[in-house]
Amino acid sequence: DAGVIQSPRHEVTEMGQEVTLRCKPISGHNSLFWYRQTMMRGLELLIYFNNNVPIDDSGMPEDRFSAKMPNASFSTLKIQPSEPRDSAVYFCASSLGNRFSGNTIYFGEGSWLTVV
Amino acid sequence: QKEVEQDPGPLSVPEGAIVSLNCTYSNSAFQYFMWYRQYSRKGPELLMYTYSSGNKEDGRFTAQVDKSSKYISLFIRDSQPSDSATYLCAMGVIQGAQKLVFGQGTRLTINP
């Protein structure tokens, strides 16, 4: 099993630029999550999808952030325009969400974003 | 008040010591409790999970849940330098939403 695959692993961009982070969930998983991790705020859920449909985007900080899941094997998180306060590690995660599997979530290795 | 509170540490102990990591929570709807371990510059990985109050043991690790006090713990026996990592507690409601709420994470260092 390849696990959750994220790209890019590292991104340095200038303020105002568009940033697109990509994720391939574990094959067969039907739930996908985008988290953001910072020293100050810890790990925060931004949005999650179930069967490619956004279920809860209440964690998306503002309209500059958007996420899509066009199919079961791909998702993007876009920040436009980016700001220095968006600097963080962004994790994608997936799970086989059903009543019997509980809430076990598998994380990717993260995309380390620095906005200067 | 955060739904889940966890002391961020850092916590530094000598090799072989027993380590106790703790979280408190305020939402009585949480039924599913997990501990994740995160090595430096890596994603969190599931270490242990439990549905019920009481203890669950897995090798050198023991997860303890006290729902009446809204308090969970992770104990590490015979700690090793390879246990040095950040430990995050996480909680969720089994049925319905897939959301987990994470603690801040406790940074642990085991000194040889």
### Task
Name the single residue, out of those in the stretch B:78-99 being at pLDDT below 85 and not small (Gly, Ala, Ser), that is farthest from residue B:48 (Cα to Cα).
B:95
### Set A:113, A:21, A:46: member being touching a helix residue (DSSP H, G or I) at 6+ places or on another chain (Cβ under 8 Å), touching a residue at least 24 places away in the same chain (Cβ under 8 Å) and crowded, with 16+ Cβ neighbours inside 10 Å
A:113
### Task
For residue B:61, state whether it is away from chain A (no Cβ under 14 Å), without any contact (Cβ under 8 Å) to a residue 40 or more places away in the chain and within 17 Å of residue B:107 (Cα to Cα).
yes
### Task
Give just the number: which of (1) out of contact with any Leu (no Cβ under 8 Å at 6 or more places or on another chain); (2) buried (at least 18 other Cβ atoms within 10 Å of the Cβ) does residue A:84 not satisfy?
(2)
### Query
Which residue out of A:114, A:76 is of a type in the set (Val, Ile, Thr), away from chain B (no Cβ under 12 Å), more than 11 Å from the chain's Cα centre (by Cα) and assigned to a strand (DSSP E or B)?
A:114
### Summary
Scanning the stretch B:7-34 for residues that are modelled with pLDDT under 95 and closer than 14 Å to residue A:43 by Cβ, the one nearest to the chain's Cα centre (by Cα) turns out to be B:34
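The values are calculated or read from the model by the stated rules, or taken from the named source; none is laboratory data. All values derive from a computational prediction rather than experimental measurement. For neighbour counting, all protein chains shown are included, and Cβ atoms are generated from backbone atoms with ideal geometry for every residue, glycine included.
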